[in-house]
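Only one structure is covered here, and it is reproduced in the block below.
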Amino acid sequence: MAPVTWWPFLGLVFLLGILLKVYPLAAFSVMLAAVSILANWWKRRALENVIYQRRLHYRRGFPGEQVGLQVEVENQKFLPLSWLKIQDLWPSAVGPVDEFILQPTHTPESGYLVNLFSLRWYERARRTYELLLRGRGVYRLGPARLESGDMFGLFEVIEEKERLDYLTVFPEPLPFEALKLPAEDPFGDRRARRRLYEDPNQPMGVRDYHPEDDFRHIHWPATAHMSELQVKVYQPISARVLIVCLNVSTLPHYWEGTYPGLLEYLVRVAATLVQRGLQEGYRVGLISNGSLAHADQPFRVPAGRSPEQLSRLLSALAGVTPFVTGPFDRFLTAEMPRLPYGATLVIVTGLMSPTLAETILRIRQHGRQITLLSFARSKPPSIPGVHVVHLPFTE
Amino acid sequence: MTAELDGQKQMSENGGISMRWWARVTFLLLVVVELCWVVPWYRTVIQISYVASPLKASLVLGGVMLAAYLFAQALESLRLIRSIQLGILVFLFLISLLISTQILLNSPIISAVSGMVRLDPGAVLVIFTVLWVWWRGLTLGRDAIKPFVAWRRFELGLLFFMARIFILVRMHAVNFRATSELGLFIFFLFAGLLSVVFARISYVGVSHGFQKNPFDRRWFVTTFGILFLTVSVSAVLGGLLSGQYSVLFALLADAVKFMVAVLIFVVSLPWLFLSYLFVPLYPLIRRGLENPAPLPSDIYPINPGLNQPFNQVSQAGPLPASMVTIIFWSLILLIIISLLIRARRAGGWSRQPQKNSQESLLKPGEARHLLRKALRDTADGLANRLRPARRILAAARIRRIYAQLLDLSAELDSPRAVGQTPLEFLPELGELFTDLNSDLEVITDAYIKVRYGNYPENQDEVEAVESSWQRIATEGKRIKRTVRHKLKTVETKEVQRTGT
């Protein structure tokens, strides 16, 4: 529909009307041209100063929870909008409670949240929805496609608003008992925990030398002053570090694809471990050979015990995608130097291979405390010094 | 289809008018659009036979179109085989053709049929017209009315409308009346645009999942108002630009007359009703007055049917008459009270926070401020658009001034050499106009800037160059006068010397 193409015709009719003295014809052409010009002008300004916003009551939540959403649109100009259709690309996994609200798209994972408005001058309209968080993930909301036109319905104008919002659905932790870890010493580091570490950066005094003391800890100026051997006393550090190492490979060769059920389960196990670790007073960190949503690099969350650490770890786990960046054994070997000394490693894997077992053994030989949680069908080999829990995964 | 129906159902549940009805209204508007040009064409061409009145022709042809639309929709919903559908439609068309021919040609069915068989021009024309409107209704009923379809129909109507006017005017048709044609065209334009708007809305609304249907009474008032205003303004503009003042004023006068008549009618309705109700009280009033006035029924002949019950009541005794008055006023009071209660409730509801609400962003008094700002911005925008043109004109003026300066210097025997730049020429000009060095610099600088594309930003720069040039021009005139005087003196001396 293009009334603009009429302009030359209307001009011709006007001239004909004037030249042949058919004045009503000239009047009609002027009337039509006036309406057409106004409509065209209106169309060009229809989507100016139209502000579209999504207001989520919460941006993070657990599966099964409901989150309030308010869609708000403002027309900040004098020109009214006869109709305004907003199509917002929406992941089905965080769609409204009523599934039929979302209009279908070319992919089953997403739909269109369509809203129809009619806005007068300087007017705001709202629509409210209840979103149901159906599955783990970091979901992108948008972009929104705005369609409108002139007041007479002659023209149509479309604009895409690039503003995106994100909604994070954390993995749902499992009951800790399901992991069948010992209740008393779940991560197998009780003995190690009793041994206090000392931080050589924080000396707190001196004392007399004992034969078992390290020769490097002798405080030479104090020894000279006292004429007796004196050693430095360091600040004891009591923090325990737990690093959850997540293997997102679910098939022997990572390029073969993924086993979604197993992957989800592994992520849930990791979420359970980090939550429990923080409850137990550990500084908890996370490393994985998987990549986060909208990224292609393996990720790591440094160990910490701050109040935000749990949400940080769960957000990272929410964003874990099936994309595997490389073999887990190589990844673990590469990551070891970066992990804090004395940290307990809990390896969560759905696959066990001889190379992985070998890698774990090598790490253990370097003095790391390791617990292996294997969800592979076959029983993992016995690795000396490693606490192994085997829980074959079934759907 | 099911999703569409679900959506429509949901839309109707969520406030506003159901989207199904928008499609129906769109169709009715398209019928009006079609009739606006088909009926005049039909009546123009059928002069050879019986000419039905415009109302009659509109009702018949509109009825045919409506019937075709409804039949098509009904058959679509029955999901019959195409060939059966076609057979039924042909049968129904024949029936409607017979009925239409009978009414439009004002002749019995037998003669109408015989006229068709004999290919009587009137009957053939009716067949064509009925076939056309039948087909137009049918095609609308078989699919959703898209904005594109509405626009195409409006476009076709426009072409036919214009063609008819052109032919009538060129043929100097006796029955051509510009006022009514202009009025009809305005109505056609209004209905056409409204049909496109409605088609757009009904098309946009054919989706499911909407929380709220925004096309309510408020939307209708806004759209209708804007459309009415636009068509009116365009009509005035069209009338004025094409010199149709008299036609326009006649149309305006007719419109005003019509509106006043409607207003008077509406205003007089309650009083007319009241006057009938007060009839039983007239004897009482008459008795209370010394010189009783005659009954209104004596002056104006009141409908005896309306008067009868009251007469019966008054005959029954004096109490029923007063009872009627009491009942009447009680009813009025009840209506007022119920309206007040309803208004109060509505106010209370509107104060409650709504989930899917619409609210104005404007604070009291802000609209005026924003409107002023918008006007100022528009004016600034317009000025900014015109600025390049103004700058080009200013640059041209500076070039002209410099050219005049060169002419003046040439007249004073100091022309600029071909290879000389303006800055190289400046010292020579300084020797010519010794006291005006600063003015010469102003003009030369301005010229160089313009020469290399740095056009003046504002009028002050041009005015400065103008004033400098005025001083130089005055000085130039003075120098020319002096030179001329010197020459004259020299010539006189020469003559005197030669004479002696």
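The values are calculated or read from the model by the stated rules, or taken from the named source; none is laboratory data. Being a predicted model, the structure only gives us computed values, none of them experimental. Here Cβ is always computed from backbone atoms with ideal geometry, including for glycine, and neighbour counts include all displayed protein chains. Side chains are part of the model used for accessible areas, which takes the heavy atoms of the whole protein and leaves out ligands, DNA and RNA. Shrake-Rupley method; radii C 1.70, N 1.55, O 1.52, S 1.80 Å.
For the set B:Arg481, A:Arg55, the ranking by accessible area, highest first and with no ligand, DNA or RNA atoms included, is B:Arg481, A:Arg55 under a 1.4 Å probe.
May I ask for the Rg/Rh ratio of the stretch B:10-114, computed from Cα atoms with Rh as the Kirkwood radius, given to two decimals? Please report the intermediate quantities before stating the final value.
Details: Rg = 17.1 Å, Rh = 15.9 Å.
Radius of gyration over Kirkwood radius for the stretch B:10-114 works out to 1.08.
Working ranking of peptides B:215-226, B:75-86 by packing, defined as the average number of other Cβ atoms within 10 Å per residue, highest first, is B:215-226, B:75-86.
Under conditions of 4 °C and 1.567 mPa s, the stretch B:151-206 yields 102 µm² s⁻¹ as its translational diffusion coefficient, taking Rh as the Kirkwood radius over Cα pairs in the Stokes-Einstein equation.
With only Lys, Arg, Asp and Glu charged, each at its Cβ (+1 for the first two, -1 for the last two), find how big the charge dipole of the protein assembly as shown is about the Cα centre; round to the nearest 20 debye. Don't skip to the answer; put the middle values down first.
Numbers: 96 positive and 73 negative charges, 314 e Å.
So the magnitude is around 1500 debye.
Between amide H atoms placed 1.01 Å from N, distances below 5 Å from A:Val114 occur with A:Asp88, A:Gln103, all of them 5 or more places distant or on a separate chain. Within the same chain, lysines fewer than 8 places from B:Lys373 are excluded, and of the rest, those with a Cα less than 28 Å from its Cα are A:Lys43, A:Lys77, A:Lys161, B:Lys363. At each listed q (0.10, 0.20 Å⁻¹), what is the log10 of I(q)/I(0) that the Debye formula gives for the stretch B:68-176 modelled as equal alpha-carbon point scatterers? For the stretch B:68-176 at q = 0.10, 0.20 Å⁻¹, log10 I(q)/I(0) is -0.43, -1.09. From largest to smallest, the equivalent ellipsoid semi-axes obtained for the stretch A:65-193 from the alpha-carbon gyration tensor read 45, 14, 12 Å. Close amide H contacts of A:Val346 (hydrogens built in the peptide plane, cut-off under 5 Å, sequence separation of 5 or more or a different chain): A:Ile243, A:Val244, A:Cys245, A:Thr371. Of all the options A:Thr107, A:Thr258, A:Thr250, the one that moves most in a Gaussian network model of chain A with Cα springs shorter than 10 angstrom is A:Thr107. Annotation: per residue accessible area for the stretch A:13-90 equals 39 Å², rounded to a whole number [probe 1.4 Å, protein chains only]. A Stokes-Einstein calculation at 10 °C with viscosity 1.306 mPa s, built on the Kirkwood radius of the stretch A:1-88 over Cα pairs, returns a diffusion coefficient of 93 µm²/s. Rg of the Cα atoms in the stretch A:273-361, relative to 2.2 N^0.38 Å, amounts to 1.09. Taking Lys and Arg as +1 and Asp and Glu as -1, the other residues whose beta-carbon sits under 10 Å from that of B:Ser414 total -3.
Counting Cβ atoms of other protein chains within 10 Å of each residue's Cβ and taking the mean over peptide A:33-40 gives 4. For chain A, the longest principal axis of the alpha carbon atoms and the long axis of helix A:309-318 meet at an angle near 60°.
What's the angle, to the nearest 10 degrees (0 to 90), between helix A:354-365's Cα axis and the longest principal axis of chain A? So the helix axis and the longest Cα principal axis differ by about 50 degrees. Using the Cβ-Cβ distance between A:Trp6 and A:Tyr166 with R0 set to 35 Å, the FRET efficiency works out to roughly 0.15. Only protein heavy atoms count here; on that basis, with a 1.4 Å probe, A:Glu228 has an accessible area of about 100 Å². Annotation for the stretch A:126-182 versus the stretch A:350-380: alpha-carbon center distance of 39 Å. Protein heavy-atom accessible surface, 1.4 Å probe, per residue over the stretch A:309-359: 38 Å².
Suppose R0 equals 25 Å; then what is the FRET efficiency for A:Leu361 and A:Gln297 from their Cβ-Cβ distance, rounded to the nearest 0.05?
0.35
Using a 1.4 Å probe on the protein chains only, how many percent of the accessible area of the stretch A:249-395 belongs to carbon and sulfur? Solvent-exposed carbon and sulfur of the stretch A:249-395 make up 55 percent of the total. Take B:489-495, B:188-194 and order them by the average number of nearby Cβ atoms within 10 Å per residue, most first; the result is B:188-194, B:489-495. Here r is the Cβ-Cβ distance between A:Gln66 and B:Arg342 and R0 is 56 Å; the resulting FRET efficiency, rounded to 0.05, is 0.95.
Could you report the buried accessible area between A and B, both sides summed, computed with a 1.4 Å probe and given in Å² to the nearest 100?
Values: alone 21270 and 33240 Å², together 49100 Å².
Approximately 5400 Å², summed over both chains.
Computed from label points 7 Å out along Cα-Cβ, the spacing between B:Ser232 and A:Leu174 is 7.5 nm.
Convex hull of alpha carbon positions in the protein assembly as shown: directionally averaged projected area 89.7 nm².
The shape of chain A can be summarised by an equivalent ellipsoid whose semi-axes, obtained from the alpha carbon gyration tensor, come to 66, 26, 18 Å from longest to shortest.
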